[in-house]
Amino acid sequence: MKALFVSGTDTGVGKTLASAWIARHWNATYWKPAQTGTATDDGDDSGSVARLAGVPVLPEAFRFAAPESPARAAELEGRRIDPTAFVLPRAPRLVVEGAGGLLVPVTDDFLMIDLARRLDLPVLLVARSGLGTINHTLLSAEALRARGMRLLGVVMSGEPNAANRVAIERHGALPVLAELPRLGTGDLAAQLGALPLPCALRAALDELDEVAG
Ligand SMILES: Nc1ncnc2c1ncn2[C@@H]1O[C@H](COP(=O)(O)OP(=O)(O)OP(=O)(O)O)[C@@H](O)[C@H]1O
Ligand SMILES: C[C@H](N)[C@H](N)CCCCCC(=O)O
Ligand SMILES: [Mg+2]
């Protein structure tokens, strides 16, 4: 099986949209290991991907009501997350989406980046395209490199910004594999379906190592 971990420079940067886009065109299964904010309107990434991409989605390992980090949302419900519950599901191609950014707490001593490492998956980083993204993206890349983890590259989401793309590629020594433009208010599923994956992203997916699920 081939799998990747979609993380981001922050919450709300477009991980779910990018995950749906990739899953749709890569014909992949989607998994959100830990979902928070289920009591809010945008707390169901799995439902969003099912609607946007029409691909199989697997049940989360953990779901929490509060729109908080998994660690805090669990605490508010008097629950604790056991990281050993995160076991990579089997599927020919799998898109795994984190919650928030890389250093979001999952337990008192386990961060989202540790989940990507436990699953032993390469990371695709979704970043905003606008002002502020260079710092956030380079910091996220540094966090991965400090742990010797694989960073496939970056997907920039929003109005294309060539100067930010060049800065990220140059200072981060990493590829921007795709730019997901700001989609309109119309049928997002149709817009994603009509937007082929750029060659660089498609090649990165094709070159992913087989992993044992
Ligand atoms: N390129 C884009 N075009 C249009 N809307 C976008 C784009 N990127 C993100 N959005 C919108 O911004 C909001 C947040 O995006 P999304 O849910 O993908 O964030 P996320 O990174 O998955 O957040 P979370 O950390 O909660 O999982 C959504 O309403 C989404 O549709
Ligand atoms: C609720 C939100 N949509 C995400 N699911 C969780 C984001 C946690 C962010 C924590 C933080 O970085 O401060
Ligand atoms: Mg999401």
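Read the figures in this text as sums done on the coordinates, not as results from a lab. Not measured: the values here are computed from a predicted model. Backbone-built Cβ (ideal geometry, glycine too); neighbour counts: all protein chains shown.
Structure summary
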| quantity | calculated |
| --- | --- |
| Sequence-distant residues sharing a close amide H with LEU180 (under 5 Å, placed H) | MET156, SER157, GLY158 |
| Fewest-first sequence of VAL155, VAL211 by Cβ atoms within 10 Å of each Cβ | VAL211, VAL155 |
| Least to most buried among LEU76, LEU4, LEU208 (fewest other Cβ within 10 Å first) | LEU76, LEU208, LEU4 |
| Likely footprinting exposure, GLU210, GLU179, GLU159, fewest C-beta neighbours within 10 Å first | GLU210, GLU159, GLU179 |
| Shape call, region 113-213: gyration tensor on alpha carbons, a/c limit 1.5 | oblate |
